[in-house]
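Have a look at the structure below before the remarks.
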Amino acid sequence: MPANTLENKIAFVSGGSRGIGRSVALTLADAGAHVMISYRSAAQEARSVVDQIQQMGRESVAFQVDVSQFNLSREIVEKVVEQFKKLDILVNNAGITKDNLLMRMSEEDWDAVINTNLKSVFNMTKAAIRPMMAQRSGKIINITSIAGIIGNAGQANYAASKAGMIGFTKSLAKELGSRNIQVNAVAPGFVETDMTAKLSEEQRKKLVENIPLRRTAKPEEIAAAVKFLASAAADYITGQVICVDGGMVM
Ligand SMILES: NC(=O)c1ccc[n+]([C@@H]2O[C@H](COP(=O)([O-])OP(=O)(O)OC[C@H]3O[C@@H](n4cnc5c(N)ncnc54)[C@H](OP(=O)(O)O)[C@@H]3O)[C@@H](O)[C@H]2O)c1
């Protein structure tokens, strides 16, 4: 059996309707996993991801839920565990930006980003570790950002949420190591998704000039790292942050 096969694994990807989460969901399914996804409002996109996964012969369900809500997040994880009797892989991917200089940043935009990007990770993971601890195995992969490592002017809320995810990842790796649960983070650089589509051509050009590989990433390139961390090939890796950023952070 190849080390990266995910045959019969049960995976949950938050924010699986679009962008990186969509690509992660399809990649894990392609490797053999049954993949559940959550989304906030893009029902049609979520349906299309579920259809594609089912066409591969795997099980898939899309849950409409705001992952910043503690009880709602717990309920969907419990539903998955009730249906499949286990949970092998959790990918905390759902995220938003609400960029502004701190001088102009509203309390609402601070709270929205922290709650969607960071509190959601607490919400989902707290529910997911119960079955993982019982089964003495599990992979938790948090999609952070290089902004959480090097910071970014105009993104104090986003960078704080992503740095928080890194602290969470390392702490949990220490807490859960004895239960054979690996907790890691993937830090993308600049990825072509709806989240980055709003940048102007000029901003994009300037950004690419600072990327050693001189190009942006495709969502599949982030998904490849997630698939590796979710596989048995990464059984001895925990508490790490893997930058998939064309060399921006080194
Ligand atoms: N794109 C980049 O360059 C980049 C770089 C570094 C890190 N990241 C991180 O990668 C992750 C995915 O980013 P992306 O670029 O793929 O973003 P995206 O294309 O905007 O997709 C975001 C996904 O998250 C979901 N989502 C947002 N808020 C949610 C909520 N409250 N509850 C449930 N789901 C929610 C969205 O659901 P709907 O479709 O229903 O709205 C969507 O599926 C984020 O955590 C982001 O911070 C992205």
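So that you can scan it fast, the table gives a plain yes or no per residue for (1) more than 17 Å from the chain's Cα centre (by Cα); (2) open to solvent by 30 Å² or more (accessible area, probe 1.4 Å):
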| residue | (1), (2) |
| --- | --- |
| ILE141 | no, no |
| ALA160 | no, yes |
| GLU175 | yes, yes |
| THR196 | no, no |
| LEU199 | yes, yes |
| ARG204 | yes, yes |
| ILE211 | yes, no |
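Candidates in region 179-194 are the residues that are open to solvent by 10 Å² or more (accessible area, probe 1.4 Å) and more than 9 Å from the ligand (Cβ to nearest atom); of these, the one that is nearest to the chain's Cα centre (by Cα) is GLN182. Every test in (1) touching a residue at least 40 places away in the same chain (Cβ under 8 Å); (2) of a type in the set (A, V, I, L, M, F, W, C); (3) within 14 Å of the ligand (Cβ to nearest atom); (4) touching a Leu at 6+ places or on another chain (Cβ under 9 Å) is passed by VAL35 save one, and that test is (1).
Comparison of GLY32, GLY57, GLY16 shows that the only residue that is open to solvent by 10 Å² or more (accessible area, probe 1.4 Å) and either more than 26 Å from ILE129 (Cβ to Cβ) or out of contact with any Cys (no Cβ under 8 Å at 6 or more places or on another chain) (or both) is GLY57.
Give SER68, SER48, SER38 a once-over and let me know the one that is under 25 Å from ALA134 (Cβ atoms) and of a type in the set (Ser, Thr, Tyr).
From the options SER68, SER48, SER38, the qualifying one is SER38.
Counting only residues that are in contact with a strand residue (DSSP E or B) (Cβ under 7 Å, 6 or more places away or on another chain), within 18 Å of THR238 (Cα to Cα), more than 8 Å from the ligand (Cβ to nearest atom) and small (Gly, Ala, Ser), region 141-178 holds 1 of them. If we keep just the residues of region 97-121 that are surrounded by 18 or more Cβ atoms within 10 Å (Cβ to Cβ) and of a type in the set (Val, Ile, Thr), which is nearest to the ligand (Cβ to nearest atom)? That would be THR116.
Let's see how each residue does on (1) over 24 Å from ASN180 (Cα atoms); (2) at pLDDT below 95; (3) assigned to a loop (DSSP other than H, G, I, E, B); (4) within 15 Å of the chain's Cα centre (by Cα):
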{"position": "VAL80", "(1), (2), (3), (4)": "no, no, no, no"}
{"position": "GLN83", "(1), (2), (3), (4)": "no, no, no, no"}
{"position": "THR97", "(1), (2), (3), (4)": "yes, no, yes, yes"}
{"position": "ASP109", "(1), (2), (3), (4)": "yes, no, no, no"}
{"position": "ASN117", "(1), (2), (3), (4)": "yes, no, no, yes"}
{"position": "ALA127", "(1), (2), (3), (4)": "no, no, no, no"}
{"position": "ALA134", "(1), (2), (3), (4)": "no, no, no, no"}
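Scanning region 40-49 for residues that are open to solvent by 10 Å² or more (accessible area, probe 1.4 Å) and either assigned to a helix (DSSP H, G or I) or in contact (Cβ under 8 Å) with a residue 40 or more places away in the chain (or both) returns ARG40, ALA43, GLN44, GLU45, ARG47, SER48.
Candidates in region 60-79 are the residues that are of a type outside the set (Ser, Thr, Tyr) and surrounded by 24 or more Cβ atoms within 10 Å (Cβ to Cβ); of these, the one that is nearest to ASN123 (Cα to Cα) is VAL67. Close contacts from region 54-82, counting a first residue that is under 12 Å from MET36 (Cα atoms) and a second that is outside any loop (DSSP other than H, G, I, E, B) and open to solvent by 80 Å² or more (accessible area, probe 1.4 Å), with Cβ to Cβ under 7 Å and a gap of 6+ residues or different chains, come to SER60/GLN54; ALA62/ARG47.
To keep it simple, each residue is scored yes or no on (1) more than 14 Å from the ligand (Cβ to nearest atom); (2) small (Gly, Ala, Ser); (3) closer than 25 Å to TYR158 by Cα.
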{"position": "ARG40", "(1), (2), (3)": "no, no, yes"}
{"position": "VAL49", "(1), (2), (3)": "no, no, no"}
{"position": "ARG58", "(1), (2), (3)": "yes, no, no"}
{"position": "VAL61", "(1), (2), (3)": "yes, no, no"}
{"position": "SER68", "(1), (2), (3)": "no, yes, yes"}
{"position": "VAL80", "(1), (2), (3)": "yes, no, no"}
{"position": "LYS86", "(1), (2), (3)": "yes, no, no"}
{"position": "VAL91", "(1), (2), (3)": "no, no, yes"}
{"position": "GLY95", "(1), (2), (3)": "no, yes, yes"}
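Among the residues of region 136-158, those that are over 20 Å from ALA223 (Cα atoms), polar (S, T, N, Q) and not in a helix (DSSP H, G or I) comprise SER137, ASN152, GLN155.
The values are calculated or read from the model by the stated rules, or taken from the named source; none is laboratory data. Because the structure is predicted, anything quoted here is derived from the model rather than measured. Heads up, the Cβs are rebuilt from the backbone with ideal geometry, glycines too, and the neighbour counts pull from every protein chain shown. Surface accessibility is based on the protein's heavy atoms, side chains included, excluding ligands, DNA and RNA. Shrake-Rupley method; radii C 1.70, N 1.55, O 1.52, S 1.80 Å.
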